[in-house]
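Reviewing the structure listed below.
The values are calculated or read from the model by the stated rules, or taken from the named source; none is laboratory data. Predicted, not measured: the structure shown is a model, and the values here were computed from it. Cβ sites come from the backbone with ideal geometry, for glycine too, and all protein chains shown count toward neighbours. We work out accessible area using only protein heavy atoms, side chains counted, and drop any ligands, DNA or RNA first. Shrake-Rupley method; radii C 1.70, N 1.55, O 1.52, S 1.80 Å.
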Amino acid sequence: MPGFRYAKSVVGDNCDQMINNIALAASQTVNDGDAVKLASGKVTPCTSSDTQADFIVQESKTSGATDIVMPLMIAARRNARFKIGITPLHNEAAAVSGTSTTVVIAQSGYAGSELVGGVVYIKEQNAHRVISASSATSGGNITITFIEPLAVAPSAGNKVSTVPFGINGDPKFLAKNTIDTALANKTGGAVNVMQIDLKNKQLEVVFK
């Protein structure tokens with residue numbers, strides 16, 4: 001199921017308490033897990049350009065032009081963590097080659113260092129690494145470098161996933177219930193990333 005899922009409070013202050021006393025703006029549809037924002041005393045779904053969310057909806061609701069609809073919601077606060085599924089920037093791409101501290105994947109159109117600070121995951125070793133360097137495209141490939149060595153060098157065909165941001169990164173919304181993993185939108189968003197799990201294609205985030 002897509003959308004933001006309440007994970008836990010980081011201060012134990014009951015921030016998972018539900019509310020349903022704020023109306024949905026006219027002619028809107030929201031679903032369980034959608035991020036919404038306050039506007040003129042009502043809530044509307046967040047879009048890719050929003051840099052703040054106020055609540056996470058907990059049920060599907062649709063408002064008409066004149067009725068009052070109050071969806072069940074949780075406050076999107078900095079002391080509450082939410083889990084969100086993602087599609088990685090490179091989603092189990094096949095490795096071309098590698099060493100204990102590098103992996104090469106097929107990729108066109110990249111400049112140097114565009115993935116620095118992001119995270120790479122090699123599925124066959126269940127290994128996440130912070131990216132310390134990434135090359136410009138050369139011969140249709142890029143080289144991703146990390147400092148902590150793997151147990152063995154990646155083999156051709158190993159499955160490689162990446163995101164271009166790291167812990168405390170602030171990627172933008174892709175939609176009201178999704179985080180963008182594109183290079184162009186890896187900063188300036190409404191969340192800060194607290195955990196990256198590319199094995200399960202999931203982030204844990206707090207809202208700003």
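Is the stretch 19-31 home to any residue that is modelled with pLDDT of 95 or more, touching a Gly at 6+ places or on another chain (Cβ under 9 Å), surrounded by 16 or more Cβ atoms within 10 Å (Cβ to Cβ) and closer than 21 Å to G85 by Cβ?
yes
Could you check V103 against (1) part of a strand (DSSP E or B); (2) closer than 21 Å to G3 by Cα and say which number it fails?
Failed condition: (2).
Among the residues of the stretch 58-84, what is the count of those that are surrounded by fewer than 13 Cβ atoms within 10 Å (Cβ to Cβ) and either part of a strand (DSSP E or B) or without any contact (Cβ under 8 Å) to a residue 24 or more places away in the chain (or both)?
Qualifying residue count, the stretch 58-84: 1.
Name the single residue, out of those in the stretch 159-176 being more than 14 Å from I144 (Cα to Cα) and of a type in the set (K, R), that is surrounded by the most Cβ atoms within 10 Å (Cβ to Cβ).
Per the criteria, the residue is K176.
From the residues in the stretch 116-131 that are free of Cβ contacts under 8 Å to residues at least 60 places away in the same chain and part of a loop (DSSP other than H, G, I, E, B), which one is surrounded by the fewest Cβ atoms within 10 Å (Cβ to Cβ)?
V116
Within the bounds of the stretch 155-171, is there any residue that is of a type in the set (A, V, I, L, M, F, W, C) and over 23 Å from the mean Cα position of the chain (by Cα)? If you could, list the steps in order and put the result at the bottom.
Here is the first cut: in the stretch 155-171, the ones of a type in the set (A, V, I, L, M, F, W, C) are 156, 160, 163, 165, 167.
After this cut, where a residue has to be over 23 Å from the mean Cα position of the chain (by Cα) as well, the list is 156.
For the stretch 155-171, residues of a type in the set (A, V, I, L, M, F, W, C) and over 23 Å from the mean Cα position of the chain (by Cα): present.
For V104, all conditions in the list (1) touching a residue at least 60 places away in the same chain (Cβ under 8 Å); (2) touching a Ser or Thr at 6+ places or on another chain (Cβ under 6 Å); (3) farther than 30 Å from D34 by Cα hold save one; what is the number of the exception?
Failed condition: (1).
Residues T44, T87, T51: which one is over 30 Å from S155 (Cβ atoms) and outside any strand (DSSP E or B)? Steps first, please.
Values: T44 fails: outside any strand (DSSP E or B); T87 fails: over 30 Å from S155 (Cβ atoms).
Every option except T51 fails the conditions.
Of (1) open to solvent by 40 Å² or more (accessible area, probe 1.4 Å); (2) at pLDDT 95 or above, N192 satisfies all except one. Which?
Going through the list (1) open to solvent by 40 Å² or more (accessible area, probe 1.4 Å); (2) at pLDDT 95 or above, N192 breaks only (1).
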